[in-house]
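These notes are about the structure you will find just below.
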Amino acid sequence: MEGAIISLTEGAVRGLLCKLGGLLAQESWPVQRLHGEVQYIKDELESMTAFLRSLAESSDGHDDQVRVWVKQVREIAYDAEDCIDDYVRGRQPFDRDGGAVMASLRRFVRLLATLGSGGGGRRHRRMAAQLQELKTRARDAGERRSRYGVLPPKTALGRASSHASSSGVSGRLDPRLHALFTEEAQLVGIDGPRDELVGWLMEDDARLRVLAVVGFGGLGKTTLARMVCENPRVKSADFQCSPLLIVSQTLNVRALFLHMLRELIQRPRLAAGDDTMDDSLHGAESWETALLANKLKLYLQDKRYIVILDDIWTSSAWENIRCVFPNNEKGSRIIVTTRNEDVANTCCCHSQDRIYKIQCLSEIASRELFFKRIFGLVDGLPNNELEEVSNVILKKCGGLPLAIVSIGSLLASKPNRTKQEWQKVSDNLGSELEINPTLEGTKLVLSLSYNDLPYHLKACFLYLSIFPQNYVIKRGPLVRMWIAEGFVTAKHGLSMEEVAERYFDEFVARSMVHPVKIDWSGKVRSCRVHDIMVEVIMSKSLEENFASYFCENGTTLDSHDKIRRLSFQSSSHLVQRTSASVAHVRTFRMSPSMEEIPFFFAHLRLLRVLDMQGSSCLSNKDLDCICNFFQLKYLSLRNTSISKLPRFIGHLNYLETLDIRETLIKKLPSSAKSLVRLKHLLVGHKTHLTRTGSVKSFRRSSGLEMTPGVLMNMASLQSVCHIEIKKDPSVFQEISLLRNLKKLNVLFHGVEVNWKPCLESLRNLPGSVRSLSIQIFDGDGSISSEEMLSSVESPPLLVTSFGLTGKLERLPLWAASLRNVSTFTLRNNGLHADAIDVLGDLPSLLCLKLYHKSYADDCLIFPQGKFLKVKLLVIDNLENIDKVCFKDGSVPCLERLTLSFLQEPKHGISGLENLLKLKEIEFFGNIYS
């Protein structure tokens, strides 16, 4: 857990140092005492953070003294930053430019300096007293570390090693061991996967084959691997050795090799009744790692072996182990279980290897396992009133065998099998995981994945607990929230957004989140956290005061410390008046089903993240107070009925994300020009029309009309979607000056009036733009979209995603030069067959979407040798289509095909047999003959 606290502490320290470091270097301080206090706090927190990082990396677990001390350090860091932020807000509540923050801090310094002579006023004396208190707390924390034995990493490790060697055994069994001794009769849903993998293992292939079973903790990877090896077909084969090996998170290669030698050589003698030591193992305890590895390899060299390596955590662990397994052309097999897809890919690097992704149990199999565990039967319930609560519990288990067995065992132990008793377990599952010995193994297994995370990822993962169970978490918003909270640090050559995206992908690869939406490129766009894992991380969050919750089971806030993150996950009417302090909340997220805005909303003055997405009770008036949320970086009002932003929205000097998609907002207030740090301006309303989300519909009237002069100061903008350009072209000219812009969706209206200035601006778009969507709505016909676009002399050649809406009839000549475009989207263009030829030659094209009226001919033919890399093709409601034909050798890499027709094509769809890599055809909409 301390790894998460270190990550949090670093975020707080970075914010604090950013605000004080420059001042300490630039200002002359008349009163050196105050300068020394601030410098002391800064130095202490830097030293503590370095110490804590080493401490976290030195061991997986620490005692309560360490955890308490780490938590106290985190709180000092937060309070120090809050102290500074509170002053800045009080002194300059309505900053209108980026320099006002530093100017306010400089005034803070000068005013503090006057306190030595009694000046400065009551508020400034209070701030000086707070600094003095923080200095004292920092000093006390340092002394407390020594007083209570929070030791440096090397000392702590030495003591732990000494204790381990003296005790001889660990005090806690590996929670995964239960999988080694489960009776096959108790298992459910394993027959199909087992038989499939046995068949693959027994194929006639002399090469060494590696099978990696990958999946979430608790899915039964170890059990499946054991059942495969114990299958009669495998046991009757001529494998000469088959040990089961558990690889711990903290891999000790030497100890593992020694264990393997004993399993391979000594265990068969013991099984035969001979308990004497094999001569070849004499003195093995003193052998070096290299000698042990050589002995293993020599022993296996002339044998056909099958080995299970259970729970491999890292690719480096596999690389260290694999060297002892010879490829002796005897048909040997290695089975690896892992939670990490990257590890599985590393293990299975040859064509003969295989990765098997284990799945959750089906609803039917889950019920069978659940009732078998409780009643020893599967045919119905002895009491019908338990049916409803059983369904709720099984939904929380989410097909996870370990959770089903553990909770089933807990319910079986209850003397009174009543609905009330079971409902109590269901409602309080989080606390049951904490205190009930029956569920301890489940929590430990799931916690292993969390404990294996690098320290900088732990806070990001705990942050997922602010979302309710079964919630679909979208990639983009989550990444921007992490950044706003200070969990992400830019690395050399990578932006913070790119680093945060890698964090997200890491959770997917480790099977800690389940992908929900995967786009055509394989990128996970949204995910879900398993309900039981949500319970685990909520428990950890509450333990360390990471986050606080209002939940359906009536959780209150009164017993919490200072609240740092607050999530409302209840749909009940809010009547509670909590005594807990909300003045220090950094993230506030509210359930869409809430019936009213909480009474303390206006007091959340130090917010960084405000997520009100889907809040139906939110009104324009409720938003007036957010202009005082001086530190706000992320604001989402998506899918609310808000029609107007507060007049002084520009006072949010730190705002980086403004998400007003699916609202009624049509214009920004004039003060928005002061949002100089804004990176993402997200507007518009898109509807996903298919299961895979490959087809989208944009509401034409949902763009944002910009007032001239608003965008010109937003130099940090990276995403602008969707902006309307009407008769004044100056707005587009301002957009063309945004040098950091990466994504732009723009809607042109009435461009025939001032199309030449728009054309000039299009030519001057910054080279940083990678995603560009242009929607042109023709007016009186004096100039067409085709004429406007064909006149562009410097097209955006570096874009990778390009969309065109508007009457064209033919593509502009420069379209053939878009060699970097991987996604091309067309709508309402009226194109002909020659456009298909042009698009078919784009060398990087991977995704082509032909939306409504984009193609005017009655035959859509994909010629031979075209679209060589395209993986996704969408053909959506093309009005005149009578025939679709895929010639032999066209679209050879196509994997997903989405089709919709207004009427059935007279001559049908031909050539599907030529699409050799096609995995999925998706039909949607109605066809009228």
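The values are calculated or read from the model by the stated rules, or taken from the named source; none is laboratory data. In this text the structure is predicted, and so the values were computed from the model without any measurement. Ideal geometry is used to build each Cβ from the backbone, glycine not excepted, and the neighbour counts take in all protein chains shown.
Do the conditions hold for residue 372, that is, is it under 26 Å from the mean Cα position of the chain (by Cα) and either part of a helix (DSSP H, G or I) or modelled with pLDDT under 85 (or both)?
Criteria not met by residue 372.
Filter segment 273-307 down to residues that are of a type in the set (S, T, N, Q) and in a loop (DSSP other than H, G, I, E, B), then give me how many there are.
2
Given the structure, is residue 581 at pLDDT below 85, among the small types (Gly, Ala, Ser) and within 28 Å of residue 655 (Cα to Cα)?
yes
Scan segment 314-345 residue by residue and report those that are surrounded by fewer than 21 Cβ atoms within 10 Å (Cβ to Cβ) and touching a helix residue (DSSP H, G or I) at 6+ places or on another chain (Cβ under 7 Å).
Result: 314, 315, 320, 323, 325, 326, 341, 342.
Can you name the condition, by its number, that residue 197 falls short on among (1) surrounded by 14 or more Cβ atoms within 10 Å (Cβ to Cβ); (2) at pLDDT 90 or above; (3) more than 26 Å from residue 445 (Cβ to Cβ)?
(3)
Does segment 746-761 include one or more residues that are acidic (Asp, Glu) and touching a helix residue (DSSP H, G or I) at 6+ places or on another chain (Cβ under 7 Å)?
no
Give me a count of the residues in segment 879-929 that are charged (D, E, K, R) and in a loop (DSSP other than H, G, I, E, B).
So the count comes out to 9.
Kindly establish whether residue 878 is buried (at least 18 other Cβ atoms within 10 Å of the Cβ), touching a Leu at 6+ places or on another chain (Cβ under 8 Å) and modelled with pLDDT under 90.
yes
In segment 743-775, which residue that is at pLDDT 75 or above and small (Gly, Ala, Ser) is surrounded by the fewest Cβ atoms within 10 Å (Cβ to Cβ)?
Residue satisfying both the conditions and the ranking: 767.
Could you list, in sequence order, the residues of segment 688-739 that are assigned to a strand (DSSP E or B) and either among the hydrophobic types (A, V, I, L, M, F, W, C) or modelled with pLDDT of 85 or more (or both)?
Those that are assigned to a strand (DSSP E or B) and either among the hydrophobic types (A, V, I, L, M, F, W, C) or modelled with pLDDT of 85 or more (or both): 698, 704, 705, 719, 720, 721, 722, 723, 724, 725.
Yes/no matrix, rows are residues, columns are (1) more than 15 Å from residue 456 (Cα to Cα); (2) not in a helix (DSSP H, G or I):
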{"site": "483", "(1), (2)": "no, no"}
{"site": "487", "(1), (2)": "no, yes"}
{"site": "499", "(1), (2)": "no, no"}
{"site": "503", "(1), (2)": "no, no"}
{"site": "511", "(1), (2)": "yes, yes"}
{"site": "515", "(1), (2)": "yes, yes"}
{"site": "522", "(1), (2)": "yes, yes"}
{"site": "526", "(1), (2)": "yes, yes"}
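Filter segment 211-228 down to the residues that are under 15 Å from residue 332 (Cα atoms) and either touching a Ser or Thr at 6+ places or on another chain (Cβ under 6 Å) or buried (at least 24 other Cβ atoms within 10 Å of the Cβ) (or both), then identify the one that is modelled with the highest pLDDT.
That would be 212.
Within segment 308-318, does at least one residue satisfy the condition of being more than 24 Å from residue 451 (Cα to Cα), out of contact with any Asp or Glu (no Cβ under 8 Å at 6 or more places or on another chain) and not in a loop (DSSP other than H, G, I, E, B)?
Among the residues of segment 308-318, not one is more than 24 Å from residue 451 (Cα to Cα), out of contact with any Asp or Glu (no Cβ under 8 Å at 6 or more places or on another chain) and not in a loop (DSSP other than H, G, I, E, B), which makes the answer no.
Filter segment 842-860 down to residues that are surrounded by fewer than 17 Cβ atoms within 10 Å (Cβ to Cβ) and touching a Phe, Trp or Tyr at 6+ places or on another chain (Cβ under 9 Å), then give me how many there are.
Total satisfying the criteria: 0.
Can you tell me which of (1) in contact (Cβ under 8 Å) with a residue 40 or more places away in the chain; (2) within 15 Å of residue 769 (Cα to Cα) is the one residue 700 doesn't meet?
Failing condition for residue 700: (2).
Out of all the residues in segment 586-636, which are hydrophobic (A, V, I, L, M, F, W, C), farther than 16 Å from residue 568 by Cα and surrounded by 22 or more Cβ atoms within 10 Å (Cβ to Cβ)?
626, 629, 630, 632, 635
Within segment 841-871, which residues are outside any loop (DSSP other than H, G, I, E, B) and under 11 Å from residue 824 (Cβ atoms)?
Correct list: 847, 848, 849, 850.
The rows are residues; the columns are (1) crowded, with 18+ Cβ neighbours inside 10 Å; (2) touching a residue at least 40 places away in the same chain (Cβ under 8 Å); (3) at negative phi.
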position: 496; (1), (2), (3): yes, no, yes
position: 519; (1), (2), (3): no, yes, yes
position: 525; (1), (2), (3): no, yes, yes
position: 538; (1), (2), (3): yes, yes, yes
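Being surrounded by fewer than 23 Cβ atoms within 10 Å (Cβ to Cβ), over 26 Å from residue 398 (Cβ atoms) and among the aliphatic types (A, V, I, L, M) narrows it down to one residue among 509, 490; which is it?
One residue alone meets the criteria, 490.
Restricting to segment 620-637, give me the number of residues that are aliphatic (A, V, I, L, M) and in a helix (DSSP H, G or I).
Residues flagged as aliphatic (A, V, I, L, M) and in a helix (DSSP H, G or I) within segment 620-637 amount to 2.
Quick check on my filter: what residues within segment 793-817 are part of a loop (DSSP other than H, G, I, E, B), of a type in the set (Val, Ile, Thr) and touching a strand residue (DSSP E or B) at 6+ places or on another chain (Cβ under 6 Å)?
Passing the criteria: only 799.
Are any residues in segment 564-578 outside any strand (DSSP E or B) and either at pLDDT 85 or above or of a type outside the set (Lys, Arg) (or both), and if so, which ones?
564, 569, 570, 571, 572, 573, 574, 575, 576, 578
(1) surrounded by 15 or more Cβ atoms within 10 Å (Cβ to Cβ); (2) closer than 22 Å to residue 842 by Cα; (3) modelled with pLDDT of 85 or more; (4) among the aliphatic types (A, V, I, L, M): which one isn't true of residue 816, the others all being true?
Tallying (1) surrounded by 15 or more Cβ atoms within 10 Å (Cβ to Cβ); (2) closer than 22 Å to residue 842 by Cα; (3) modelled with pLDDT of 85 or more; (4) among the aliphatic types (A, V, I, L, M), residue 816 fails exactly one: (1).
Only one residue in 439, 394, 457, 410 is part of a helix (DSSP H, G or I) and either assigned by TED's automatic domain parsing to the domain that holds residue 488 or β-branched (Val, Ile, Thr) (or both), so which one is that?
457
Please name all residue pairs, on different chains or six or more residues apart, with Cβ atoms under 7 Å, provided the first residue is in segment 188-203 and is outside the structural domain of residue 369 (by TED's automatic domain parsing) and the second residue is surrounded by 19 or more Cβ atoms within 10 Å (Cβ to Cβ) and aromatic (Phe, Trp, Tyr).
197/356
Quick one: is residue 800 under 21 Å from residue 745 (Cβ atoms), in contact with a helix residue (DSSP H, G or I) (Cβ under 9 Å, 6 or more places away or on another chain) and of a type in the set (Ser, Thr, Tyr)?
Spelling it out, it is not the case that residue 800 is under 21 Å from residue 745 (Cβ atoms), in contact with a helix residue (DSSP H, G or I) (Cβ under 9 Å, 6 or more places away or on another chain) and of a type in the set (Ser, Thr, Tyr).
Can you tell me which residues in segment 913-923 are under 16 Å from residue 868 (Cα atoms) and surrounded by fewer than 13 Cβ atoms within 10 Å (Cβ to Cβ)?
Within segment 913-923, 916, 917 qualify.
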